[in-house]
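Before any comments, here is the structure.
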């Protein structure tokens, strides 16, 4: 009888230990959670890189501000950003473009391969259709792609950017809607993305010090076919200077909440330092994860 009591007590202690470890959060964060976080962060970074290139290109030529000149065959423009140094950028104002309402198409052509000084290789075309003066409320920019890849990852979808600023005196505020977003890796795995976000452009005297503060949400599937939703809890901060020092254009501050397969993951991007580190939290357990940019 005494032996049975000892055995029962021992088994109970083992079970209590196992359950307390699980409830205490020791086993909450799994490897698959880290993969989900990196997948979402990298997919977001590639689309944000396109956004940055688009806005920088549109802001680089007077045609998007005052109608420009109609030129048969288009006109070359030069943009002072290392990511575009080996690309051909051509602007073709529409026939009905006017100083009060400029319209046109800008094509960024990376050809069969264009490597920037950070080692990123881009191919194909980014096609930008602008309608209205670039910083005037109500103007819009639609970005599409033609066989565009970055580091072998094919980017697809339609991005519609609308200026929703209250006035030209404010920091430009843009609503960005992504429809049919898709990133396909060389091994044919892919991630999908639909999003609706607001992006405030904090312009500096030196464009290298520009920042973007982003709010909103997104949804899609990651490379493993797992569905997710994402909500920004605290505005995400992107810095061009960090995009230059890092190989991927990712947030450096702010908080988002990623929900996948009934698991809710809080992702904290830190205090603004130019790194690829994020802190993920699930049910009170936290862990630092490096976004490598190749997942």
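Below is a table of values for the structure above.
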| item | result |
| --- | --- |
| Relative pair counts by distance (%), Cα atoms of the range 29-290, 10 Å bins | 7, 30, 37, 20, 6, 1, 0 |
| Approximate spin-label separation residue 275-residue 290, in nm, with each point projected 7 Å along Cα-to-Cβ | 1.0 nm |
| Cα-based helix-to-principal-axis angle, 31-58 vs the chain, degrees rounded to 10 | 10 degrees |
| Degrees separating the helix 2-23 axis from the principal Cα axis of the chain, which is the longest one | 10 degrees |
| Distance from the range 51-69 to the range 91-124 (C-alpha centre basis), Å | 9 Å |
| Length gained when the stretch residue 121-residue 136 is fully extended (0.36 nm per residue, less Cα-Cα span) | 2.1 nm |
| Estimated FRET transfer efficiency when R0 is 35 angstrom, pair residue 266-residue 194 (beta carbons, to 0.05) | 0.95 |
| Spin-label model distance (nm) - residue 283 vs residue 66, 7 Å beyond Cα toward Cβ | 6.3 nm |
| Cβ-based exposure ranking for 97, 167, in which fewest neighbours within 10 Å come first | 167, 97 |
| The chain: relative contact order in percent, alpha carbon pairs under 8 Å with at least 6 residues between | 13 percent |
| FRET efficiency, 1/(1 + (r/R0)^6) with R0 51 Å, evaluated for residue 95 and residue 226 via beta carbons | 0.60 |
| Separation of alpha-carbon centers, the range 134-157 and the range 196-232, rounded to whole Å | 14 Å |
| Prolate/oblate/rounded call for the range 143-295, Cα gyration tensor, a/c under 1.5 rounded | rounded |
| Pairwise FRET efficiency - residue 234 versus residue 82, Cβ, R0 = 35 Å, nearest 0.05 | 0.70 |
| Simple label model, 7 Å out from Cα along Cβ direction - residue 173 to residue 241, nm | 2.6 nm |
| Taking the range 75-200 and dividing mean pair separation by its residue count, relative contact order in percent (alpha carbons under 8 Å, at least six apart) | 15 percent |
| Gained length - residue 187 relative to residue 164, 0.36 nm times residue gap less alpha-carbon distance | 4.4 nm |
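No value in this document is a laboratory result; all are computed from the given coordinates. Since we're looking at a predicted model, the values are computed, not measured. Because the Cβ atoms are built from the backbone with ideal geometry, glycine has one as well, and the counts that use them run over all protein chains shown.
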